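Engineer: Okay, handing you the structure first.
Please treat every number below as a calculation from the coordinates, not as lab data. None of the values given here were measured: they were computed from a predicted structure. Backbone-built Cβ (ideal geometry, glycine too); neighbour counts: all protein chains shown.
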Amino acid sequence: MSTNIAVLGAQWGDEGKGKIVDLLTPHFSTVARYQGGHNAGHTVYVDGRKFVLHLIPSGILHPGVTCIIGNGVVVDPQALFKEVDDLARMGVDVNGRLLISEKAHLILPYHRELDVLSEARRGERKIGTTSRGIGPAYEDKIGRRGIRVCDLLGDRDALADDVRENVSARNRIIKETTLDWKPVYEQLLAFGERMRPWVGDVSLFLSRTMAEGKRVMFEGAQATLLDIDHGTYPFVTSSNASVGGVCTGLGVPPRAIRGVLGVAKAYTTRVGEGPLPTELSGELAERLRESGQEYGASTGRPRRCGWYDAVVVRYSARINGIDALALTKLDVLDGLPDVKICVGYRTTNGTLDEFPADLRALAAAEPCYETLPGWSRPTKGATRVDQLPLEAQRYIRRLEEVSGVECAIVSTGSDRTETIVKPDSVVARWID
Ligand code: IMP
């Protein structure tokens with residue numbers, strides 16, 4: 001059995017998964033996305049050039065690697081074409097290396113409108129979505145009226161019926177404007193023609209790839225705390241970003257996943273609304289935001305910043321069976337006089353060690369911090385643990401103890417080369 005691994009976010013997203021996936025890709029034949037849509041934004045720097053990917057796995061930047069968009073992903077054809085065209089302009093050809101599941105659901109042109117409207121109607125209780133139409137597309141999927149990629153390539157009359165029905169449902173929700181179904185239908189047919197060469201049976205492809213002993217990496221988008229079931233509901237995305245999404249979102253059996261790498265930042269960030277127990281404000285938050293360039297890769301929104309929360313990462317480790325962590329952006333903490341780790345939450349009923357389901361309990365919880373000395377010598381660019389200042393080594397060790405997982409990878413800068421992979425770690429064995 002080949003060593004297939006899942007790489008997923010252990011916090012609220014934007015942990016730097018793109019860089020980690022990119023770093024590990026040379027050891028894999030295939031990289032497969034299993035959920036989410038173009039709400040994700042993976043920024044990868046290669047030889048000083050910046051690539052921002054939303055829908056296509058960042059594995060595409062490696063010649064010869066096949067990239068998969070699974071049935072669990074919702075695909076906006078226009079966003080897909082833009083990404084394909086942008087990549088082509090940067091000299092990356094996706095043809096022959098991109099496979100999109102015929103079962104993937106589509107984000108239709110008016111799903112964006114519905115997303116914006118739904119947020120406006122929620123008023124104060126808005127989620128802070130990326131306005132990409134992700135939620136409405138998944139609503140149609142679960143409501144059993146969604147349109148799938150294969151529907152664009154099959155019976156045209158059946159598609160016309162589906163589009164007519166969907167558009168009239170949209171018109172019942174948005175009464176101010178009436179959308180005509182015919183142009184939507186014609187646009188979808190054109191989308192289907194352009195997508196046709198990339199469409200296929202993802203489950204079958206993966207099954208054959210794994211049977212040949214080739215390695216597959218399952219790439220998560222968003223993160224565990226944004227998972228529709230296990231995240232801070234309702235302030236979540238509409239898919240299963242945690243490891244369960246791999247099986248349902250690609251059509252692979254659980255035993256195909258031989259290892260799980262959780263990606264966590266050396267601190268915590270979140271975009272959009274919802275609780276963030278260790279959130280900082282003022283100068284320190286600003287300092288982290290500026291040196292970590294904490295602005296959304298998809299929307300440009302400033303990210304909320306806070307200290308590392310071990311309760312969150314412990315919870316993620318349990319939900320996903322995380323074998324090891326990739327700790328990212330350690331260098332952003334360089335120069336701080338001290339650094340804090342949240343090890344539990346204080347509530348009126350005592351201390352909470354486990355992440356609560358009830359957001360009111362979470363909102364009322366105060367983080368319990370351990371304070372450790374910071375480091376003045378930079379960690380930036382370090383490639384070995386012994387190059388790190390002793391205080392930074394101590395921070396990582398304590399973070400491992402309270403999170404209950406080893407940091408097998410430590411990222412010390414945005415470039416591929418600015419990375420420590422511990423030689424005796426489980427990750428080193430996976431890619432051996
Ligand atoms: P949606 O996925 O656009 O519906 O947004 C739902 C929530 O997930 C919002 O809080 C978004 O900010 C958040 N979200 C969605 N995609 C990402 C991502 O790639 N990184 C971080 N947060 C995200």
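Engineer: I'd like the GluC sites (Glu not before Pro) in the stretch 354-412 restricted to DSSP loop residues with at most 11 other Cβ atoms within 10 Å, sorted by number. Each step should come with its number before you reach the end.
Structural biologist: Details: sites: Glu354, Glu370, Glu391, Glu400, Glu401, Glu406; in loops: Glu354, Glu406.
For GluC sites (Glu not before Pro) across the stretch 354-412 that sit outside H, G, I, E and B with at most 11 neighbouring Cβ atoms in 10 Å, the list reads Glu354.
Engineer: While we're looking at this one, here's another question. Using +1 at the C-beta of Lys and Arg and -1 at the C-beta of Asp and Glu, which of Leu276, Val167, Cys407 has the Cα lying farthest in the positive direction of the dipole of the chain?
Structural biologist: Val167
Engineer: Could you tell me which of Val385, Phe81, Ala120 has its Cα farthest along the dipole of the chain towards the positive end, charges placed at Cβ (Lys, Arg +1; Asp, Glu -1), taken about the Cα centre?
Structural biologist: Of the listed residues, the answer is Phe81.
Engineer: Computed FRET efficiency, Cβ-Cβ of Glu139 and Thr248, R0 22 Å: what is it to the nearest 0.05?
Structural biologist: Once the sixth-power term is evaluated, E becomes 0.80.
Engineer: For n ≥ 4 DSSP H runs only, could you compute -39500 (n - 2.57) per run for the chain, divide by its residues and tell me the 222 nm figure to the nearest 500?
Structural biologist: Values: 14 runs with 142 residues, N = 432.
-9500 deg cm²/dmol, from helical runs alone.
Engineer: Straight-line reach from Lys19: which lysines have Cα under 17 Å away, leaving out those fewer than 8 places along the same chain?
Structural biologist: Leaving aside lysines fewer than 8 places away in the same chain, those within reach of Lys19 are Lys50, Lys265, Lys329, Lys380, Lys422.
Engineer: Then there's this: Over 22 Å apart: what share of the alpha carbon pairs of the stretch 315-431 falls there, rounded to a whole percent? List each step's numbers first, then the result.
Structural biologist: Values: 2863 of 6786 pairs.
Tail of the P(r) past 22 Å holds 42 percent of the pairs.
Engineer: Find the Cα radius of gyration of the stretch 1-154, compare it with 2.2 N^0.38 Å by division, and give the number to two decimals.
Structural biologist: Values: Rg = 16.2 Å, N = 154, 2.2 N^0.38 = 14.9 Å.
Ratio of Rg to 2.2 N^0.38 Å for the stretch 1-154: 1.08.
Engineer: Can you give me the relative contact order of the stretch 37-139 as a percent, contacts being Cα pairs under 8 Å and 6 or more apart?
Structural biologist: Values: 151 pairs, mean separation 25.8, N = 103.
Reported relative contact order: 25 percent.
Engineer: Could you give the Stokes-Einstein D for the chain in µm² per second, using the C-alpha Kirkwood radius, 37 °C, 0.692 mPa s?
Structural biologist: Values: Rh = 22.2 Å.
For the chosen part, D equals 148 µm²/s.
Engineer: Follow-up. Of Leu106, Met210, Gly96, which is farthest along the charge dipole of the stretch 72-216 in the positive direction, counting Lys and Arg as +1 and Asp and Glu as -1 at C-beta?
Structural biologist: Positive-end residue among those listed: Met210.
Engineer: Quick one: compute the contact order of the chain, relative version, from alpha carbon pairs under 8 angstrom and 6+ residues apart, as a percent. Kindly include the intermediate steps, with their values, before the conclusion.
Structural biologist: On the way: 948 pairs, mean separation 84.8, N = 432.
Averaging sequence separation for qualifying contacts and normalising by length gives 20 percent for the chain.
Engineer: Separate question: Determine ³J(HN,Hα), in whole Hz, for all residues of the stretch 93-103 in sequence, where each value follows from phi through the Karplus function 6.51 cos²θ - 1.76 cosθ + 1.60 and θ = phi - 60°; x replaces Gly and Pro.
Structural biologist: Computed from phi, the couplings for the stretch 93-103 are 9, 8, 4, x, 10, 10, 10, 10, 5, 5, 8 Hz.
Engineer: How far apart, in nm, are two points set 7 Å out from the Cα along the Cα-to-Cβ line at Glu290 and at Arg255?
Structural biologist: Between Glu290 and Arg255, the simple spin-label model gives 5.6 nm.
Engineer: When DSSP assigns beta bridges and you keep just the ones with both residues in the chain, what percent turn out antiparallel, to the nearest 5?
Structural biologist: If we restrict to bridges inside the chain, about 40 percent are antiparallel.
Engineer: Suppose we keep just the DSSP beta bridges with both residues in the stretch 247-388; what percent of those would be antiparallel, to 5?
Structural biologist: 70
Engineer: Pop out the ³J(HN,Hα) list for the stretch 297-311 in order, Karplus 6.51 cos²θ - 1.76 cosθ + 1.60 with θ = phi - 60°, rounded to Hz; leave Gly and Pro as x.
Structural biologist: Whole-Hz 3J(HN,Hα) from phi for the stretch 297-311: 6, 8, 10, x, 5, x, 8, 6, 10, x, 6, 4, 10, 6, 5.
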